[in-house]
Every structure is written in C-alpha cells, then in structure tokens.
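Report on the structure given below.
Just so it is clear, none of the values below were taken in a lab; they were calculated from the coordinates. These numbers were taken from a predicted model, which means no experiment stands behind them. Note that we place each Cβ from the backbone using ideal geometry, even for glycine, and neighbour counts take in every protein chain shown.
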Amino acid sequence: MELIDKMNWRYAAKAMTGEVVPQEKIDRIIEAARLAPTSSGLQPFEIIVVTNQAIKDEIKAIAWNQSVVADCSHLLVFAAWDTYTPERINKMFDLTNEVRGFSNEGWENYRKMLLNTYPNREEDVNFNHAAKQAYIAFSLAVVAAAFEGVDSTPMEGFDANALDKILGLREKGLRSCVILPIGFRKVEGDWLVNLPKVRKSTEDFVTVVA
C-alpha cells in the first residue's frame with residue numbers, strides 16, 4: 001500500500017532545509033487534522049500555524065534549541081481548550097444541528113448530559129481530556145505529511161508555559177500540548193536520516209482476542 005510505504009519513508013527529521021512547503025500541501029495536512037474524530041465531536045483544540053521566522057526563533061529557544069523548530073517551513077502548534085464550558089459545548093452542538101438541518105431528542109439529551117458533567121470537573125481533568133483529542137488530530141497530521149512527501153518532527157520537548165506566553169494562548173482559553181515542525185529533511189547533519197526504522201514486531205505489538 002502506498003500509505004504504508006510512506007509511513008516507512010517517514011521519520012522524525014532532526015534537521016530541515018528551510019525550504020518552503022507548497023501551501024496546497026500544508027492545506028491538505030491541516031485538513032486531515034480538521035477531519036479527525038474527537039470525543040462527542042467537540043473538537044476541543046485549535047491549530048496555530050507559525051511561519052514568522054522571529055517567532056520560530058523565539059520558540060526554538062524554549063524547545064531545547066532544536067534546529068527544526070527554526071528551520072522548518074511551517075510550525076504547527078496543537079493547543080487544547082483549557083477547560084470545557086457550557087458556551088463551548090453548546091457552540092459545537094448548535095453547529096451540528098445547523099449543518100445537519102435537524103435536532104432530535106436523543107442528541108439534545110446527550111448535550112444536557114455533557115453540560116451537567118464536563119463543566120463541573122476540575123480544569124486539569126478537562127484539559128487532559130481535550131489534549132487527548134488534539135493528539136488524535138496531531139497523529140493524522142503526521143500521517144498526512146508523510147503521504148504528501150513532507151517531513152515532520154513530532155515534539156513534546158518544549159516549555160509549554162513559555163510557548164503559551166509567546167503565542168498568547170492562555171488569553172484565548174488554550175494551552176499548548178504538542179508541536180509539529182513541517183518541512184524538508186536536511187540530510188547533512190541529521191544523525192537519524194540513514195538509520196533503519198525500529199519498531200516492535202507485529203507479534204510483540206498485537207494481541208488478538210478471538
């Protein structure tokens with residue numbers, strides 16, 4: 001399968017050339033993330049796309065000075081909701097009713113259940129739940145990048161509080177959880193580029209319960 005071939009081709013690039021990725025490829029990568037499944041369809045996160053070089057340089061300084069942050073074409077920041085609120089929940093349920101052109105009793109009862117549950121939980125519980133949803137979309141962005149023949153480097157190695165300040169995320173009710181530099185691999189100076197991909201065998205990875 002072409003997808004499997006692309007997944008074998010991809011790796012976490014440790015150096016990038018700085019060459020700009022065509023916008024149509026970026027658009028498709030982001031669209032794949034937008035179409036990701038999320039719990040209750042709430043999509044409790046946003047993607048911030050950073051192309052400003054000065055800002056990328058600033059983020060590099062709080063990301064262990066990893067060169068790909070500054071040398072990538074586009075830096076995708078996945079930022080989850082800091083908590084669930086009635087307004088946020090209602091907005092997505094209302095959007096669903098608008099797009100589908102109808103509502104039903106079961107759906108509205110489900111809305112009430114979420115409204116009576118999520119906003120009453122601790123903020124960290126809600127953020128962690130939202131961040132898990134962001135990771136689903138993040139994973140699809142990684143796959144989509146590979147399918148587009150574009151390199152990406154999944155990264156949790158950064159100071160989230162500092163990144164939130166740089167991008168003003170807390171004021172928007174968001175908290176960063178993972179970032180994804182996207183660009184083209186720079187073979188020179190990348191110690192990982194020619195090393196074999198290492199994964200568990202299928203036998204060690206999969207348990208079938210029949």
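Table for the structure above
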{"item": "Residue ID - surrounded by the fewest Cβ atoms within 10 Å (Cβ to Cβ), chosen from residues in the range 1-42 that are β-branched (Val, Ile, Thr) and assigned to a helix (DSSP H, G or I)", "result": "Ile4"}
{"item": "Helices (runs of 4 or more DSSP H) wholly inside the range 104-199 containing at least 1 residues that are within 15 Å of Ala33 (Cα to Cα) and in contact with a helix residue (DSSP H, G or I) (Cβ under 7 Å, 6 or more places away or on another chain)", "result": "123-147"}
{"item": "Sole exception among (1) surrounded by 12 or more Cβ atoms within 10 Å (Cβ to Cβ); (2) in contact with a strand residue (DSSP E or B) (Cβ under 7 Å, 6 or more places away or on another chain) for Ala146, by number", "result": "(2)"}
{"item": "Hits in the range 7-30 - residues which are without any contact (Cβ under 8 Å) to a residue 40 or more places away in the chain and of a type outside the set (S, T, N, Q)", "result": "Pro22, Glu24, Asp27"}
{"item": "Per-region count, the range 64-87, residues in a helix (DSSP H, G or I) and out of contact with any Pro (no Cβ under 7 Å at 6 or more places or on another chain)", "result": "4"}
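Quick grid of which residues meet (1) loosely packed, with under 12 Cβ neighbours inside 10 Å; (2) aromatic (Phe, Trp, Tyr); (3) within 25 Å of Gly149 (Cβ to Cβ); (4) out of contact with any Gly (no Cβ under 6 Å at 6 or more places or on another chain):
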| site | (1), (2), (3), (4) |
| --- | --- |
| Ile47 | no, no, yes, yes |
| Ile55 | no, no, no, yes |
| Ala70 | no, no, yes, yes |
| Phe78 | no, yes, yes, yes |
| Asp82 | no, no, no, no |
| Arg88 | no, no, no, yes |
| Gly101 | yes, no, no, yes |
| Glu105 | yes, no, no, yes |
